[in-house]
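Mind looking over this structure? Questions follow.
Where a number appears in this text, it was derived from the coordinates with a stated rule and is not lab data. Computed from a predicted structure; not experimentally measured. Positions of Cβ are backbone-derived with ideal geometry, glycine not excepted, and every protein chain shown enters the neighbour counts.
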Amino acid sequence: MFFEHQHWPEVSSIVGKLTSDGHTALLAGGCVRDALLGVTPKDFDIATSATPDQVERLFPESLNIGRAFGVMIVPRDGFNVEIATFRDDGLYIDGRRPEKIVFSNPQKDAARRDFTVNALFYDLQKQELIDFVDGESDVKKCILQTVGDPELRFNEDHLRLMRAVRFCAQLNFSLAESTYLAVRHNAHKIDKISIERTREELRKLLLSDRPVVGLQLMEFTNLLEVLLPEIAIDEAWLETKMRIEQVSAERTTFMLRWSLLFLPRWMQDSSFADSESEVVRKKIREFSKQFWLKWKFSKEELGEAEFYLYAATLLSGKLKIRMGEMYILLTSPWAIGARVLSRLLEPGVVDNQLAKLLACSNDVPFKLPAQLLTGEDLLQAGIKDRLRFGGILHEAKCMQLEGRLHDRAGALEWLKKTSLT
């Protein structure tokens, strides 16, 4: 499986250069695990006896991403190969990284790693698997367990708690009983890890082929309660997992699956009776600030997730949709997610007209015309409350799409009247 990777020649060349210079160089970690599983590795890590200075001498183009921990990157035609010096870790004092490291040998390097299936090495020269922790057996049994005492491993690095459930989702593995109990016992410590690192583990979990495996493990080990206390474990949660399972085979994004997690809460907590679209949009923004702001998503990611809540509201039939709104929905870069939602929501709930339009929107060359008004126009019209800008511009866009505003002159005249109200 190594040899099927498109960048294998570059990887092999790097290993050859290290060994020719007298250093031990072994393929390490996930690439060895994946090869044993019959999967072509996505990337390659090399563990070596060469120090960062020696790596830099052999590969002047190498990038220093963690010299203090013996980690360097060698770029090759847009593909990065990580080279790490064999090391033994000192004490972990912050629940994330060791206070110091000592360059060592393959056996000690394996002993300091997180899980047995990630602590395997492969010697290319001898064509030989090197296994100090019985990781090959765990790969064959599809079991994930820590190297050594699980309580110690998770106390060293709290992020390993999320990595455990994420790897199970990605690999379709089960947690060994001792590892499972240790995750459950230490679940509260995940709150001490930065939200950015935890978010990336959640991203990988939700984008895996078996996200429900990871979500169920988060539920059973109490990680879900710590990280996402807003998610109620009830009948709606069962339905949510079913939806996420169904969307697994769809063309999807992280934010689509993320919004599915919160969709029951949004639909249950919000009232839409006789609401205008901008009122619903405002409620969505408030919902987003309340539950999603702490996750530090980008503006675009938040926009995508908020769009899915809005699309689900429209599909539910709880908000009457205007033709202008329809065009905006269909021309959104996230319209494909709305089509997925239309198939996931209960048939008796979905607005059939909108669902049909979404289903055929791939075949219709919808394209929004240039907007007739800008924020500068609103300022010149004497509208100083910037909180009104979004609603006014959105209304103008809808009226334009509905054929009620034909040109800029007409739009400016409408704006003049609007500014007086």
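Using the charge dipole of the chain (Lys, Arg: +1 at Cβ; Asp, Glu: -1 at Cβ; taken about the Cα centre), state which of Pro60, Pro150, Cys398 has its Cα farthest towards the positive end.
The Cα lying farthest towards the positive end belongs to Cys398.
Quick check: pseudo-label points 7 Å beyond the Cα along Cα→Cβ at Lys17 and Asp88, how many nm apart are they?
3.1 nm
Please work out whether the range 176-221 counts as rounded, prolate or oblate from its C-alpha gyration tensor, where a ≥ b ≥ c are the square roots of the eigenvalues and a/c under 1.5 means rounded, while otherwise a/b larger than b/c means prolate and anything else oblate?
Details: a/c = 2.53, a/b = 1.11, b/c = 2.28.
Here the range 176-221 falls in the oblate category.
Label points 7 Å out from Cα along the Cβ direction at Glu245 and Lys299: separation in nm?
My value for the distance between the label points is 4.0 nm.
Taking 1 over the mean of 1/r across every pair of different Cα atoms in the chain, what Kirkwood radius in Å do you get?
Kirkwood radius, the chain: 24.8 Å.
For the range 176-335, what number of Lys pairs, 8 or more residues apart or on separate chains, have alpha-carbon atoms under 21 Å from each other?
The number of close lysine pairs in the range 176-335 is 21.
May I ask for the distance between the Cα centers of the range 405-421 and the range 89-161, given as a whole number of Å?
First find each Cα centre; the distance between them is then 66 Å.
List the residues whose amide H sits under 5 Å from the amide H of Leu144, counting only those 5 or more places along or on another chain, with H placed 1.01 Å from N in the peptide plane.
Here Ser174, Leu175, Ala176 satisfy the definition.
To continue, here is another question. Restricting attention to the alpha-carbon atoms of the range 39-109, what are Rg (one decimal) and Dmax (integer), both in Å?
13.1, 38
So how far apart, in nm, are the two label points at Gln268 and Met323 if each is 7 Å from Cα heading toward Cβ?
Once both label points are built, they end up 3.9 nm from each other.
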